[in-house]
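Here is the structure we will look at.
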Amino acid sequence: MKSLSPVNQAHWARFRHNRRGYWSLWLFILLFVLSLGSELIANDRPLLVRYQGQFYLPLFHDYSEANFGGPLASRADYRDPWLEKRLDEQGWALWAPVRFNYRTINYASPLPFPARRPAQVIGSAPTATAAMFWPICFMASGCRCCSGWR
């Protein structure tokens, strides 16, 4: 800490003696560094694609459907059944463990949104959502997540 002035060195020394604050700073730095790789954990685009002998990195570059034999010059939707079939037939894709991100829309849903999940029928067991929000849902009458089993 030679680059700090003597006053700031004293402040830093006092901060280091506060063990909870000092270790919280290191924990925050660690979590921040881990969050920089969040796209490698949850992403709606593959990390690596091999199609017709060529490698593509959709994580870093936007490719159009024309690159994969499609008619459109728009950005490729890798969750589209047509493109998934092409990639399965003529290559492969390496996906992140979680295949969606915060803005992914499920266009292939059988029900319109917002809709009750089919497993939630009257008399069924509580769902994970209902168990998690039980204190809130207990107070609300007609709640969608737990009204079927109250």
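The values are calculated or read from the model by the stated rules, or taken from the named source; none is laboratory data. As the structure is a computational prediction, the values presented were derived from the model and not from experiment. We place every Cβ from the backbone using ideal geometry, glycine too, and count neighbours over all the protein chains shown. Surface areas here come from the heavy atoms of the whole protein model, side chains and all, with no ligands, DNA or RNA. Shrake-Rupley method; radii C 1.70, N 1.55, O 1.52, S 1.80 Å.
Can you tell me, using C-alpha contacts under 8 Å and at least 6 residues apart, the relative contact order of segment 1-81 as a whole percent?
16
Which residues' amide hydrogens lie under 5 Å from the amide hydrogen of Asp44, considering only partners 5 or more residues apart or on another chain, with H built in the peptide plane?
Asn101
Given H placed on each backbone N at 1.01 Å, which residues far from Trp95 in sequence or on other chains put an amide H within less than 5 Å of it?
Amide H neighbours of Trp95, under 5 Å, 5+ apart: Leu47.
Using unit Cβ charges (K, R positive; D, E negative) and no other charged atoms, how large, in debye to the nearest 20, is the dipole of segment 1-85 about its Cα centre?
Rounded to the nearest 20 debye, it is 860 debye.
Compute the orientation-averaged projected area for segment 2-103 from the convex hull of its Cα atoms and round it to one decimal in nm².
Computing the convex hull of the Cα atoms and averaging its projections yields 10.5 nm².
Express in Å², to the nearest 10, the accessible area of His61 obtained by rolling a 1.4 Å probe over the protein heavy atoms while all chains stay in place.
Its heavy atoms expose roughly 100 Å² to the probe.
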